[in-house]
Amino acid sequence: MTHKVELKPDERESLDWIETRQDHMVATLRDWVNINSGSQNADGLEVMRGKLSGAFAELGGEIRAAELAPTTIVEKNGEVRQQAFTPSFHLIQRPDAPIKIVLTGHHDTVFPAEDSFQSWKMRDDNIMNGPGAADMKGGLLVMLHALLALERSPHRDRIGYDILISPDEEIGSLGSGPVLHPLGAKADIGMTYEPALADGSLAGARKGSGNWSLKVTGKAAHAGREHHLGRNAIVAASQFALGLDDLNGQRDGVTFNVARIDGGGPPNVVPANAVVRFNVRVNDADDQAWVLAHLERLTDETAQRNGISAEMFGGFTRPAKPMTPANAQMFAWTKAAGSALGLDMKWNATGGVCEGNNLWAAGCPNVDTLGVCGAGIHSHDEIVLLDSLSERAKLSAIMLMKFASGEFDAKTARKLARGEA
Ligand SMILES: [Zn+2]
């Protein structure tokens, strides 16, 4: 599965061209980092989507706004409402080409509009600190420049691609997930631009993840006069939370995290409302089934024991992405492309999740940490190594050009995946 790759003169020329764009990438990244596009900042997300349309227009192709369906969320007070999303950015290039690739990313960040972290700052000549600098505004520029290099290749017509850049990755892709799925289902392979670690290593196998809210409805009563008539939602929620926590350690690699309990009110009232929020991580589909059975049992037990009603919202939004032969083939190509640049590409399993999980759920083999090298993501210490902008753009460009020339046969990965699905 390991390949030795040599670069052809036209491929070298495309890579040299990427080098000429390094300063342009840095300037664009600074501009983008200074735009707040927190997942809840609709105005900022739309400004960013406008910036993407401007920059990605250089590729040609058709640019669309992909509308996202709203999702159901449970408020702190137990009220259930619909949450709307701004559109994803979607670019379609040569949809009838024989090889189909889907490239994905996100333009939201974890930093809200009121956060104090809003602009870039240099730490040294090569290290820039800034919100979303690595995760993943830098990665979006890596994706763009790899594709611009492909567009200079004589074999580009053999590859068609969809680019989907979404406003809701950091909050679980609940809106964009259903749009991503059919793109993954029809593509031979997927390339996603989450950051690599500062040492350049990629994420390999990923766990699966799900988020839930349990809405508990009891019965309010005066704490002094009619305490016996009340049905305490907080007590029931607490029992449920303890039951969940007891499941930790019962199955290898499966974790339950009780994240938050909302509810209750004044001390003289038996509380009628509570909401329990939790996250579960799993290794595979068998784990998922085991988890779902336990969640149902715990919900029923809690409701019966306390004489309350309990309603569950949520589910597994990012199924596990194991290192199957199809995904391993993608890494073999990444490693081969890296070796042509003198890079020794490595990867490690992670409990973290991203759009790569969603692509694999659609049967699409993928590498999902093709973005910049960085560190401290989701914190005020988020940094990007600026020289990784062109380094990683070249890495992806080599892969794309080899897929186009047929030296890497993208269809073999999808064939492997079919046997594994
Ligand atoms: Zn990200």
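The values are calculated or read from the model by the stated rules, or taken from the named source; none is laboratory data. Since the model is a prediction, treat every value here as computed from it, not as a measurement. Positions of Cβ are backbone-derived with ideal geometry, glycine not excepted, and every protein chain shown enters the neighbour counts. For the accessible areas, the whole protein counts, side chains as well, though only heavy atoms, and no ligand, DNA or RNA atoms are used. Shrake-Rupley method; radii C 1.70, N 1.55, O 1.52, S 1.80 Å.
DSSP beta bridges fully contained in the chain are about 75 percent antiparallel. Enter the angle in degrees (range 0 to 90, nearest 10) between the Cα long axis of helix 42-56 and the first principal axis of the Cα atoms of the chain, meaning the one along which they spread out most. Once rounded, one gets 20 degrees.
When the chain is treated as a GNM with alpha-carbon contacts under 10 Å, the residue of Ser388, Ser396, Ser339 showing the greatest mean-square fluctuation is Ser339. Relative contact order, whole percent, for region 1-128 stands at 29, derived from Cα pairs under 8 Å and 6 or more residues apart.
Using alpha carbons only, how many angstrom separate the centre of region 374-421 from the centre of region 135-159? Rounded to whole Å, the Cα centres lie 10 Å apart. As I understand it, the value is the acute angle between the Cα axis of helix 325-340 and the longest principal axis of the Cα atoms of the chain; what does it come to in degrees, rounded to 10? Roughly 40 degrees between the two axes. Within the set Lys8/Lys415; Lys4/Lys335; Lys4/Lys321, which residue pairs have Cα atoms separated by over 19 Å? Flagged as over cut-off: Lys8/Lys415; Lys4/Lys321.
Based on DSSP loop calls and a cut-off of at most 14 other Cβ atoms within 10 Å, the longest stretch of the chain free of exposed GluC sites (Glu not before Pro) is what?
227-421
A 1.4 Å probe run over the protein chains yields, for the chain, 41 Å² of accessible area per residue, whole-number rounding.
Surface composition of the chain: carbon plus sulfur atoms hold 51% of the accessible area, using a 1.4 angstrom probe and ignoring ligands, DNA and RNA.
Restrict the search to region 180-250; then list the trypsin sites (Lys or Arg not before Pro) that DSSP places in a loop and that have at most 10 other Cβ atoms within 10 Å of their Cβ.
Sites meeting the loop and neighbour criteria: Arg225.
Just in region 164-253: which chymotrypsin sites (Phe, Trp or Tyr not before Pro) are loop by DSSP and have at most 13 other Cβ atoms within 10 Å?
Sites meeting the loop and neighbour criteria: none at all.
Angle of helix 22-33 to the longest C-alpha principal axis of the chain, folded into 0 to 90 degrees and rounded to 10: 20°.
Loop-located chymotrypsin sites (Phe, Trp or Tyr not before Pro) in region 1-93 (DSSP state not H, G, I, E or B) with no more than 13 neighbouring Cβ atoms inside 10 Å do not occur. Here the Gaussian network model covers the chain, with springs between Cα atoms less than 10 Å apart; of Met136, Met399, Met323, Met323 fluctuates the most.
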